[in-house]
Every structure is written in structure tokens, then in C-alpha cells.
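Below is one structure, written out as C-alpha cells; the observations come after it.
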Amino acid sequence: MIRTDKWPLQTTLQQRQLMQDTRDEYRAFCRALSVVVLNNWATLQQAPSFSVAVERLIHPTKKNPSPRHHYFAQRFYKFPSYLRRAAIEFVKG
């Protein structure tokens with residue numbers, strides 16, 4: 001037996017604008033990320049973890065202070081990790 005509920009989403013104008021802004025940032029991130037993935041496709045396919053390999057190219061961390069593509073740290077400052085990983089999987093196909 002499967003139960004399905006439908007809940008209407010009642011949003012204010014400000015909340016809708018914030019959701020649209022989030023969507024636009026996610027799409028811009030995916031566009032920029034697709035260039036990185038296409039340029040490094042052969043290397044990324046052979047990596048044990050595709051997602052980790054892409055993150056190593058774009059995301060600065062304590063162990064990886066200067067990734068190859070600095071654009072992402074500047075343009076998408078504080079981009080949430082769950083959206084970053086979802087974008088990587090989306091771009092991967």
C-alpha cells in the first residue's frame with residue numbers, strides 16, 4: 001500500500017524570489033561546471049570517485065588550498081555542499 005499526500009506550497013513573493021535566485025545560481029554553477037568536466041573528462045572517468053575528483057578541481061579545503069579552477073571559490077562563495085554534489089552528478093549525466 002502506498003500513501004500519497006499533496007500539500008500545496010503557500011509562498012510569499014519574497015520566498016518565491018529567493019527560490020528563483022537559488023535556481024538561477026544552481027544553473028549558473030552547472031554551466032560553469034560542465035566546462036570543467038568536459039575538459040577533464042578522460043581523467044575524471046578513471047578516478048575512483050568522480051565526485052571527489054571534480055571537487056578536488058574546484059573546491060578549496062584545508063588539504064586542497066589551491067584547486068586548479070579558482071573561479072568557483074570566487075564566483076560561488078559558500079555554495080552549499082549538497083547543491084555542489086548534486087550539480088556534479090547532474091553534469092556527469
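The values are calculated or read from the model by the stated rules, or taken from the named source; none is laboratory data. Everything quoted here is computed from the prediction, not taken from an experiment. Glycine also receives a Cβ, built like all others from the backbone with ideal geometry; neighbour counts cover every protein chain displayed. Just so you know, the surface numbers come from the protein's heavy atoms only, side chains and all, with ligands and any DNA or RNA stripped out. Shrake-Rupley method; radii C 1.70, N 1.55, O 1.52, S 1.80 Å.
Tabulated values for the structure
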item	result
Heavy atoms of SER66: accessible area, 1.4 Å probe, square angstrom to 10	80 Å²
Karplus 3J(HN,Hα) series, Hz, for the range 9-24 with 6.51 cos²θ - 1.76 cosθ + 1.60 (x for Gly, Pro)	8, 9, 10, 7, 4, 5, 5, 4, 5, 5, 5, 5, 4, 5, 4, 5
Among ARG56, ARG75, ARG16: highest mean-square fluctuation, GNM of the chain, C-alpha pairs under 10 Å	ARG16
Label selected from [x] 1.07; [y] 0.95; [z] 1.10, the criterion being Rg/Rh (Cα atoms, Kirkwood Rh) as computed here	[z]
Per-residue ³J(HN,Hα) for the range 44-61, Karplus 6.51 cos²θ - 1.76 cosθ + 1.60, θ = phi - 60°, Hz, x for Gly and Pro	5, 5, 8, 6, x, 10, 4, 4, 5, 5, 5, 4, 5, 7, 10, 10, x, 9
GLN74-THR11 FRET efficiency (beta carbon distance; Förster radius 30 Å; 0.05 resolution)	0.45
Hz values of 3J(HN,Hα) by residue in the range 28-36 - Karplus curve (6.51, -1.76, 1.60), Gly and Pro given as x	5, 4, 4, 4, 5, 5, 4, 5, 4
Protein-only accessible surface order, largest first, of LYS92, LYS78, LYS63 at 1.4 Å	LYS63, LYS78, LYS92
